[in-house]
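Enquirer: Pasting in a structure now, in structure tokens, and then I'll have a few things to ask.
The values are calculated or read from the model by the stated rules, or taken from the named source; none is laboratory data. Keep in mind the model is a prediction, meaning the values are calculated, not measured. Cβ placement follows ideal geometry from the backbone for every residue including glycine, while neighbour counts extend to all protein chains displayed. Just the protein is used for accessible areas: all its heavy atoms, side chains included, with ligands, DNA and RNA removed. Shrake-Rupley method; radii C 1.70, N 1.55, O 1.52, S 1.80 Å.
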Amino acid sequence: MPGCFGKSWCIKNKKTRNNNSTSNCHVEGSLNTSLSSVTICNSGSIPELSINNKKLLEERLKRYEDEVRPINCISTLIGRIPFLRKNRKNETGQTSSTSSIIDRVTYLRKNRENEVSKAIINIEDSMNVDLCFVLDCTFSMECHIKAAKEHILKVANYVNSYNSNIKFWIGFCGYRDHRDKERLQIFDFTNSLEKFKKYITTKVVANGGDDLQEDVLGGLNAAITKMTWSNATCVLIHIGDAPPHGRRYYTFAYDNYPEGDPKGLTAESVLKKMQSKNILYHFGEINDTTNIMLKVFRENIGEFPVFDLKTMGNNPEILIKKFFEATCSAIFSSITLTTTLRNSKNIYSLQRKKLQINPHEPDWTTIPEKTGELLSYIPPKTLTKVKDEFYFINSGFTVQNITFKFATEPFSVGAERYAYFGLDTTLEHANKLVIKKYHDVKTGTIERYLESVEISSVAYFLSTEFNKATKRVGVNKKVTFIDVKVLYDKTDNTYYSVEKYFSDAKFKRFNVNSGLITEFHSILEAFAHFTYQYTEGYLVVYDLQGVDLSNEFLLTDPAIHCVDLLRFGITNLGKRGIQRCILANHKCNSICKKLKLKKVNSE
């Protein structure tokens, strides 16, 4: 493969720096069929494209078609729809006619609108939450029972302040041990926080327990099977300081039931029921006695959040704060998973993938060096170019040679991509990288990675405009997006996205594509409002995540809602997403007012 695209894509510059050849990529030649005057669904006209850029457009259309077609119906659709039969010919190298492209785009827009409608219904349903506390209620848990009671109103007030669209019902299941008179206590879901507090205050007493182990599996099973789970997002927060009965869950101490639960319950049977009801498990860790239990649980359901609920010298204020942070995190992360992955099969598949990650940087001396190329778009400099749907498809690239190293195991995994440690060894002083790979992209396919750079480039342009505006009104903290490039691995003929790695920085998610605000910052919410007003309602940049530094928010992997549903990928929920997910939950803050942003109307 000559270069990364073939000779027709790039002409090398004669000048080099640091022994790196750089290319300004541009388009040569034109299509035999003139497309310059063809209008597609009021989205403008298709400009004259090179053959290679035409292939890029074909690849993007093909991906959208695959996303809207159920796998088991592909052959049926191909047989029924003429332009999809033509598209199959394109895979052998033939180009579509102009009419075929128009038909395909019309079909895709209609189907994307249908998919967006379903996605928004799913998002709105996911804001209804069943939240259940499963609590060890033996003697040693007295301070944790009190904290469970005291923190819940604080949680409700915080959630309502920034995410008034979230409604949650709260329930309780307490457990002790098999020989205790009141082994289980169940308080079914209610939307009355006062009733919840009253029940725990008057009915739940810390007592019982015999040996070290407790009826953990009985408590979980009762919560799963005896409570009325009815909402789209189901959250179970389990808090305990002892493992279940059975030698497989511990390596110490006497056990009245060393062969396991006397009623025949196992981790496998209980957790299988939990998965079948789409219940997301979280654990509050009090000591190390539950470590082996958690290992067994992970073998069944994959990775899950574990919160530190150690008592810190029995300081009640610190413990209540920990309960508050854990509960808010459990609610927000569960809603995010439910809205993104939609069903327990996908959620638990992701949690199993998380078991494969290695959070530690590798010994780079053992990793072989590779050669490749870095591809960068020329970023847009005007709003007109941002709105031009063909700007990036028909844009030039800069291409730079690179030598690099690539960790063999990912250090993180999300709904769409794995993230790996990387090292740029081109210069004498090596620079750390983050290299990201999509779960489901075929080897040698570039289009989806280019789209991620397109999203980043648009977000970067808008952040520079926002920073200029905020500086004029005396707001000095910036919003900055990390520069994203496409990395081409010449050895494996594989593409990745790549960005600079920031060490010793705590990565946070501030808000989510669904409109959920997980950590409120007035500057970030004002930035989203600004992108809507600056682009005249064309798009909103959201799903903001990254590092909160003293003088700037350094962000990566944003999502863009845009009125053009054939841009910015499957996370683009279009005009409906802008209105019903972002604007409906936005409350203008002091930064919005300083920038004189118009009050948004979600209708």
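Enquirer: Label-point separation (nm) for Lys226 and Lys468, each offset 7 Å from Cα along Cα-to-Cβ?
Expert: Placing both labels 7 Å along Cα→Cβ, they lie 6.5 nm apart.
Enquirer: Net charge near Lys432, counting Lys/Arg +1 and Asp/Glu -1 over other residues with Cβ under 9 Å of its Cβ?
Expert: It works out to a net charge of -1.
Enquirer: Which of the aspartates and glutamates could a cross-linker span from Lys596 if the Cα-Cα distance has to be under 16 Å and same-chain partners fewer than 8 positions apart are dropped?
Expert: Cα-Cα hits under 16 Å: Glu465, Glu525, Glu536.
Enquirer: Moving on to the next point. Could you tell me which of Val479, Val458, Ala505 has its Cα farthest along the dipole of segment 458-510 towards the positive end, charges placed at Cβ (Lys, Arg +1; Asp, Glu -1), taken about the Cα centre?
Expert: Result: Val479, furthest along the dipole toward the positive end.
Enquirer: Given a 1.4 Å probe and the protein chains all in place, what does the accessible area of Ser522 round to, in Å² to the nearest 10?
Expert: 40
Enquirer: Given R₀ = 41 Å, what would the calculated FRET efficiency be for Asn291 paired with Tyr162, taking r from the Cβ atoms and rounding to 0.05?
Expert: With a Förster radius of 41 Å, E is 0.75.
Enquirer: In nm, to one decimal, how far is the Arg576 label point from the Lys154 one, both placed 7 Å along Cα→Cβ?
Expert: It is 4.0 nm.
Enquirer: Still on this structure, please answer the following. Aspartates and glutamates near Lys405 by alpha-carbon distance under 15 Å, same-chain residues fewer than 8 away left out - which ones?
Expert: Glu361, Asp363, Glu369, Glu373, Asp424, Glu428, Asp489, Asp492, Glu499
Enquirer: Set the Förster distance to 22 Å, then compute FRET efficiency between Asp66 and His439 from the Cβ-Cβ distance, nearest 0.05.
Expert: With a Förster radius of 22 Å, E is 0.95.
Enquirer: Once you place label points 7 Å from the Cα toward the Cβ at Phe139 and Asn346, how far apart are they in nm?
Expert: Those two pseudo-labels are separated by 4.9 nm.
Enquirer: Among DSSP beta bridges whose residues both lie in segment 89-231, state the antiparallel percentage, nearest 5.
Expert: The antiparallel proportion sits near 35 percent.
Enquirer: Going 7 Å from the Cα of Lys596 in the Cα-to-Cβ direction, what parts of segment 455-484 have a backbone nitrogen less than 19 Å from that spot?
Expert: In segment 455-484, the label zone of Lys596 (backbone N under 19 Å from the point 7 Å along Cα→Cβ) covers 465-476.
Enquirer: If you roll a 1.4 Å probe over segment 386-507 with all protein chains in place, what percent of the accessible area is carbon or sulfur?
Expert: 46
Enquirer: Something else: Checking the a/c ratio against 1.5 first, then a/b against b/c, what shape does the Cα gyration tensor give for segment 332-413?
Expert: Oblate is the answer for segment 332-413, as a/c is 1.5 or above yet b/c matches or exceeds a/b.
Enquirer: Let me ask something additional. With the cut-off at 23 Å, tell me which of the pairs Lys478/Lys508; Lys226/Lys263; Lys55/Lys490; Lys354/Lys508; Lys381/Lys508; Lys203/Lys277 have Cα atoms farther apart than that.
Expert: Pairs exceeding the cut-off: Lys381/Lys508; Lys203/Lys277.
Enquirer: Is there a quick way to get the dipole size of segment 265-332? I mean about its Cα centre, with the Cβ of Lys and Arg at +1 and of Asp and Glu at -1; what is the value in debye to the nearest 20?
Expert: Approximately 220 debye in magnitude.
Enquirer: Expected output is a single nm value to one decimal: the length gained when fully extending between Asp125 and Ser550, i.e. 0.36 nm times separation in residues minus the C-alpha distance. What is it?
Expert: Gain in length upon complete extension: 149.3 nm.
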